[in-house]
Amino acid sequence: MVRYFKSRKRFDFSPHPFDVGNILGLKRGYGNNHFLLKIYGIDKTGFEDYYTHHLNHFLSTGQGSEKDFLSHVWYIVQKRIEHFERKDPFSSEHPRHLSNIGKLTEFQQYLGTRDKWNIRPNDVLLKEKDGKIAELEAHIQDLEEQLKAHTKYGVAQKVYVEDGYLPTFIDLIQQLREVELPNGRSLLKSDHHSPYYKLVAKYFNHGGKEIPLDTARNYFVGKGEAPIKGSQVPDGRKLFRIVPADQA
């Protein structure tokens, strides 16, 4: 007779909490009952530890593979669920039966994550696949909506910056970042540099050529930080000065 579960030793007063049986050990033929009984008191976060505790014992005995073990556990859980479902719904024990069904169903869902061999019934596998397909379709729809929203701000043709004057354009953007309104507040606010250099790379080209994102990024640094060599705006390319209208 195959023994699937690690049983408690007779008169062991400090057994492993996952071992099945009682102070007298495990009566022959009652392993399934004791295994299922413990599930009712285990939180679902402990299902994996409980399952692997008995799986490792079963594998160590050389009686079979994990596929054999999983097949057996799935079978007895399903049969016990069916047993409770057949009970009188008007019985005083009905609330407990519903609770047991709920816990066994949760455990069965965990078993599904271990099923690499599709040992579960076809209707269960089809339902799971249909659910996965529906989930993927919803994800695809969400991505399509995101793409649609993103492309709405795309442009067919980028703004042309005269060849050799990218630093001049950068200088104007950097000046805009420092412009103050009459009330003393900044016209533009951002805690990051990325909106500025991404704006440059996404919507402008330089002499008809793409502006690499890294090239644009190198021009934008924090206050007190030195730009990467070659990314400073030369004085000879600082051709314009943004000033308030009343100072022009």
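Give Asp49, Asp19 a once-over and let me know the one that is closer than 23 Å to Gly112 by Cβ and of a type in the set (D, E, K, R).
One residue alone meets the criteria, Asp49.
Tell me whether segment 87-94 contains one or more residues that are in contact (Cβ under 8 Å) with a residue 12 or more places away in the chain, open to solvent by less than 50 Å² (accessible area, probe 1.4 Å) and of a type outside the set (Asp, Glu). Talk me through it step by step, then tell me what you get.
Within segment 87-94, the subset in contact (Cβ under 8 Å) with a residue 12 or more places away in the chain is none.
No, the conditions are met nowhere in segment 87-94.
Tell me the residue from Ser186, Ser190 that is more than 30 Å from Thr45 (Cα to Cα) and modelled with pLDDT of 90 or more, please.
Ser186
Run Lys38 past the list (1) within 24 Å of Pro121 (Cα to Cα); (2) out of contact with any Asp or Glu (no Cβ under 7 Å at 6 or more places or on another chain); (3) surrounded by 12 or more Cβ atoms within 10 Å (Cβ to Cβ) and report the number of the one that doesn't hold.
(1)
Within the bounds of segment 125-144, is there any residue that is open to solvent by less than 100 Å² (accessible area, probe 1.4 Å) and in contact with a helix residue (DSSP H, G or I) (Cβ under 8 Å, 6 or more places away or on another chain)?
Yes, segment 125-144 contains at least one residue that is open to solvent by less than 100 Å² (accessible area, probe 1.4 Å) and in contact with a helix residue (DSSP H, G or I) (Cβ under 8 Å, 6 or more places away or on another chain).
The values are calculated or read from the model by the stated rules, or taken from the named source; none is laboratory data. This one's a predicted model, so the numbers in the text were calculated from it and none came from an experiment. Positions of Cβ are generated from backbone atoms using ideal geometry, with glycine treated the same way; all protein chains shown enter the neighbour counts. The protein model used for the area step is the full one, side chains on, heavy atoms only, and it has no ligands, DNA or RNA in it. Shrake-Rupley method; radii C 1.70, N 1.55, O 1.52, S 1.80 Å.
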